[in-house]
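Notes for the one structure printed next.
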Amino acid sequence: MVQAKSWILTKHFDGFPKDSNFELKVEELPEPKDGEVLLEAVFLSVDPYMRPFSRVRMQEGDVMIGTQVAKVLQSNNPAFPVGSHVIGRCGWRSHTVCDGADLTPIMPDWPQDVSLSLALGAIGMPGLTALLGIEEVLGLQKGETLLVNAAAGAVGSLVGQIAKIMGCKVVGSAGSDAKVAFLKELGFDEVFNYKTVGSLDEALKKASPEGYDCFFENVGGPFSSVAIQHMKDFGRIAVCGAISTYNDSTPQTGPYPHLTMIFKQLKMEGFMQSRWVHKHPETLKRLIGWLKEGKLQCREHVTKGFENMPAAFMGMLQGENIGKAVIAV
């Protein structure tokens, strides 16, 4: 019998998450039955989507949602041999017994010198979100100018790098001078700290006086309202996230961009990478190819210890991470 730890959502979040929203539970797991496997978490992910999705996908008392890289400890399923590694939507659990329905084997040609944690980041959901958002939603073309906010995060830092690979001008916004320095290292053309500029309107104008062809939106709220005014005619906006609004007890209202969108004939589309699941294998191969060639840098913010998951989650929502936030067990 294996003792498993899991983090439970005791009460739905009201405003910013608190320690009291989480409870650590310990249980004995049964032996895996025919077709089942026993998994041990190696790396776990904390992501912004967990905050809004918890309200619509979870009930109080459920294990927190999330993805992990896990090692197969026992197996009664030939698709997942003992010792192999998988990506699983197991939630915040240290050990899991499951039938394999929500498991994806780590790609067979995964390079030995690349940490498996990147399967939760650049060579995983955030990487897929960045590349598919750029290609399928924005249709970004060589020579165009792209704006990305939350640019030092798991998705934003990849968006900018991929746009540079494609031959575009990239402007990034981030929330600290350390993040600005990191983005300059990655080759962003213009970067600014939105917390210290006197005027967001002036900062956007200065970074690209001619405006923006594409905007990869991760923040929402007032930033979005200002940025839309700087789009070129027929500009395209991919709405990936709205992290500035996730912890609001009272929903934000206005200003409303509709006239600007009409006059400039803008296209604005929300998306999730799961829409193109049929393209995932080929997309991941391209991402890992760029990684091997040194064209993608993958910064991680690693927190050690399963017991620190709530703190890592709350830290990520406050912007403490540069790159992907990961928990190493």
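The values are calculated or read from the model by the stated rules, or taken from the named source; none is laboratory data. The model shown is predicted, which means the values in this text are computed figures rather than measured ones. Note that each Cβ is placed from the backbone with ideal geometry, even for glycine, and that neighbours are counted across all protein chains shown. Please note that ligands, DNA and RNA were not included when accessible areas were found on the heavy atoms of the full protein model with its side chains. Shrake-Rupley method; radii C 1.70, N 1.55, O 1.52, S 1.80 Å.
From the list Glu136, Glu210, which residue is at pLDDT 95 or above, within 19 Å of the chain's Cα centre (by Cα), open to solvent by 40 Å² or more (accessible area, probe 1.4 Å) and not assigned by the TED database to the domain that holds Gly319?
Selected residue: Glu136, the only one of Glu136, Glu210 that is at pLDDT 95 or above, within 19 Å of the chain's Cα centre (by Cα), open to solvent by 40 Å² or more (accessible area, probe 1.4 Å) and not assigned by the TED database to the domain that holds Gly319.
Quick one: Phe223 ticks every box in (1) closer than 29 Å to Arg299 by Cα; (2) part of a helix (DSSP H, G or I); (3) without any contact (Cβ under 8 Å) to a residue 60 or more places away in the chain except a single one, so which number is it?
Result: Phe223 passes all but (3).
Tell me the residue from Gly35, Gly61 that is open to solvent by 40 Å² or more (accessible area, probe 1.4 Å) and over 30 Å from Lys292 (Cα atoms), please.
After ruling out the rest, the residue left standing is Gly61.
For segment 26-115, give me every one of the strands (runs of 3 or more DSSP E) that falls completely inside it and has 3 or more residues that are closer than 25 Å to Lys285 by Cα.
37-45, 68-75, 85-88, 103-105
Could you say whether any residue in segment 285-298 is β-branched (Val, Ile, Thr) and assigned to a loop (DSSP other than H, G, I, E, B)?
No.
With Lys195, Lys142, Lys169 as the choices, which residue is open to solvent by 10 Å² or more (accessible area, probe 1.4 Å), touching a Gly at 6+ places or on another chain (Cβ under 9 Å), within 16 Å of Val226 (Cβ to Cβ) and among the basic types (Lys, Arg)?
Lys195
Quick one: count up the residues across segment 251-276 that are open to solvent by 90 Å² or more (accessible area, probe 1.4 Å), in a helix (DSSP H, G or I) and either in contact with a helix residue (DSSP H, G or I) (Cβ under 6 Å, 6 or more places away or on another chain) or farther than 23 Å from Ser157 by Cβ (or both). Give the steps one after another, and end with the answer.
Looking only at segment 251-276, we keep the residues that are open to solvent by 90 Å² or more (accessible area, probe 1.4 Å), and these are 251, 253, 255-256, 258-259, 262-263, 265, 267, 272, 275.
Okay, now just the ones that are also in a helix (DSSP H, G or I), so 258-259, 262-263, 275.
Among the residues that remain, those that are also either in contact with a helix residue (DSSP H, G or I) (Cβ under 6 Å, 6 or more places away or on another chain) or farther than 23 Å from Ser157 by Cβ (or both) are: 258-259, 262-263.
Qualifying residue count, segment 251-276: 4.
Yes/no matrix, rows are residues, columns are (1) closer than 30 Å to Phe13 by Cβ; (2) within 26 Å of the chain's Cα centre (by Cα):
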| residue | (1), (2) |
| --- | --- |
| Lys206 | no, no |
| Phe216 | yes, yes |
| Gly220 | yes, yes |
| Tyr256 | yes, no |
